[in-house]
Each structure stands twice: as C-alpha cells, then as structure tokens.
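Structure, as structure tokens:
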Amino acid sequence: MAYFDLVAVPKEMAGEAAKRLGFRRIFCLGSDVELLEDMAQQPGRMKRIVAGSSAEALSRGIRRSDAVAALATERSLNGKELELLREMGKPLLIPLAQVTCAGEVERGRALRRAKGAVREAMMHKAPLAIASMAGSVDCMMSAQQMLGIAKLLGMSDRVAERALGALGEAL
Amino acid sequence: MIYRRKLRYLLVESSSPLDLGSRNAEDALARELAKFMGELEYFRANARVAAQLSDKFFILSLNRGYEHSLTLALTFIKRLDDRQTGFRTIRTSGTIRSLKEAYEKLAHSG
C-alpha cells in the first residue's frame, strides 16, 4: 500500500525525506496544494483543502470543484457536513502534528478533539485522510508513527492504512 | 535450558544532532520516554541506546512487544535536554546487523 504525507516545509527537504520515512511522496502546502479559508476565492489550477470557520462556508467549500478534502479544525463538523463529504467522496483530513506537537497543556485537548473528529467521521461513514501537516522538520513523522497515532485516535488497522493513502488518491 | 532474551531493535532518526553517548542525554531520553509511556511500561520495555550510527541516527533496543508504545512515545517527544528535536522511527528489526545495513543503504542513497 502506498502512503502519502502533506507538510508545510521546504519542498527539497520533503522530497529527500519521503523514501526514508516510508512514503511514496510527500506533498507540500503552497506548491502542491493550497489551504482555502475564503470560499469566495475563484477556483484556480491548484487543488485545495478547505477549512471553513462556519458550517455554511465549509459546505460551500466542499462543493467546489477544486476542493479535494476538508480540514478538521477546532470547530467540530456536524452530521450534515460529514454526510456531504461522504456523498462527494472527499475525505476529512486529520492533521496529526496538531496532536503530537501540542504543548503539555493543549495536548490533552488536541487528542480529545482529534479522537472526536475520527469517531464522528466513522459514525457517518465519511472518508478519512491523515497527514502530519508538519510546520517544521521536528514535527515530521514516519509512516509507521502516523499509523500508530491513527490507531491511538480510534481507527482500525485497515481504516488507518486507507487514511494514510487517501491523500495520494485525492491529489 | 538456555535463557535467551527476546529483543527488538528500532532505527531512529532525530531532526537535530544528538550525542547519546553522554550520560546526560541518555538520562534525558529515558525521562521523556518514561513520561509518555508511564514508568511501569518503560520499565517493562527496558529501552536502551544500543548503538549510535551518526549524529542523527541511532538504534534503540527494547523488549519484544513494546515497539508500538515506544514508537508512540518517541513521536510525542519534541524536546530533549532544553533542545528542540523530533524523533522518527525508520525501521524495526530483530537484529542490529540488519538495521546497520539499512542505515548504510540510506546513507549511500543520499
């Protein structure tokens, strides 16, 4: 099974680390895919991951033709948004670096939030994707580690492996 | 009957150079691992630095069955002895030799 990651570090660094860390390819935010928060922006050539602050904005974003996934943020997605993701076949992206690189105080909260997002997505049968979304080299992880964190968050072996390969299909 | 220890070895890469030969660094790593694994689990895993291959690559030995919890604990360690660092587990094996060979392959492929 081929695994993929998405990071926010320089492309050269990501490229040379990919094989060593067990990934077929590591995508970079800004050069391979963009994060979209303003849904009024016109669709462009680059694929986008939507992160909406409100339910209405996110639903609009998920329907865009250039959107490939929705990002799980502080605001938890409701049932309608998850069902929309399932219908459109677009995954809910869980950023793992927010959990592993959180400070001591926020770590518990971040773990609970991520676990809740995974549970809700699995209940509504919405597709899942996981990526580190590491902002620095210190936060990058190997595929083996990401599978371990995915299982810690409540995914089964099969769901975790599929989630780690989902970005490759989307991008 | 010969009593043979059943060990597993983990090839680990750190994001910043480390000298795990020094007592301070090894103690700091032990403290962090015990913090995330829990002292009893850390004691059962019996994790030790088996070899340091370069300033960023090293091999940890541990008792069989604790690879998963040690890998998770290493993922959460972001600071060692007041220095910012991250750990990535590259490979698990039953022998040090195969991990050294894997490291040589990585080093030569650049």
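The values are calculated or read from the model by the stated rules, or taken from the named source; none is laboratory data. Only a predicted model underlies this, so the values are computations on that prediction, with no experimental measurement involved. Cβ sites come from the backbone with ideal geometry, for glycine too, and all protein chains shown count toward neighbours. Quick note on the areas: whole protein, heavy atoms, side chains included, nothing else; ligands and nucleic acids left out. Shrake-Rupley method; radii C 1.70, N 1.55, O 1.52, S 1.80 Å.
Probe radius 1.4 Å, ligands and nucleic acids ignored: give me the carbon and sulfur share of the accessible area of the stretch A:4-170 as a rounded percent.
Summing carbon and sulfur atoms, their accessible area is 50 percent of the total for the stretch A:4-170.
For the residue pair residue A:156 and residue B:93, what label-to-label distance in nm results when each label sits 7 Å from Cα along the Cα-to-beta-carbon direction?
Spacing of the two 7 Å Cα→Cβ label points: 3.3 nm.
If N is the number of residues in the protein assembly as shown, what value comes out of its Cα radius of gyration divided by 2.2 N^0.38 Å?
Its radius of gyration relative to the 2.2 N^0.38 Å reference: 1.05.
Please work out the average accessible area per residue across the protein assembly as shown, using the 1.4 Å probe convention, and give it in Å².
Details: 14350 Å² over 281 residues.
I get 51 Å² per residue for this part.
Between chains B and A, what is the buried accessible area summed over both chains (1.4 Å probe, protein heavy atoms, nearest 100 Å²)?
Chain pair B/A: roughly 1700 Å² of buried accessible area.
Please compute P(r) over all alpha-carbon pairs of the stretch A:4-170, binned at 10 Å starting from zero, and give each bin as a whole-number percent.
It works out to 11, 42, 38, 10, 0, in whole percents.
Enter the mean number of other protein chain beta carbons within 10 Å of the beta carbon of each residue in A:137-147, as an integer.
6
Among DSSP beta bridges lying fully in the protein assembly as shown, give the percent that are antiparallel, nearest 5.
Among the beta bridges of the protein assembly as shown, antiparallel pairing accounts for roughly 50 percent.
What net charge do the residues around residue A:67 carry, taking every other residue with its C-beta under 11 Å from that of residue A:67, with Lys and Arg at +1 and Asp and Glu at -1? Spell out each step's value before the answer.
Numbers: positive: A:47, A:48, A:60, A:63, A:64, A:90; negative: A:34, A:66.
So the environment of residue A:67 carries a net charge of +4.
Place a +1 charge on the Cβ of each Lys and Arg in the stretch A:4-170 and a -1 charge on the Cβ of each Asp and Glu, then give the dipole magnitude about the Cα centre in debye, rounded to the nearest 20.
Details: 25 positive and 20 negative charges, 88 e Å.
With only Lys, Arg, Asp and Glu charged at Cβ, the dipole is about 420 debye.
Between residue B:44 and residue B:26, what is the label-point separation in nm under the 7 Å Cα-to-beta-carbon projection?
2.5
At a 1.4 Å probe, what is the % contribution of carbon and sulfur to the accessible area of chain B?
47
Less than 11 Å Cβ to Cβ from residue A:97, Lys/Arg counted +1 and Asp/Glu -1: what total charge do the surrounding residues give?
-1
Hey, how much of the P(r) for the stretch B:48-106 falls beyond 14 Å, as a percent of Cα pairs?
Distances greater than 14 Å cover 60 percent of the Cα pairs.
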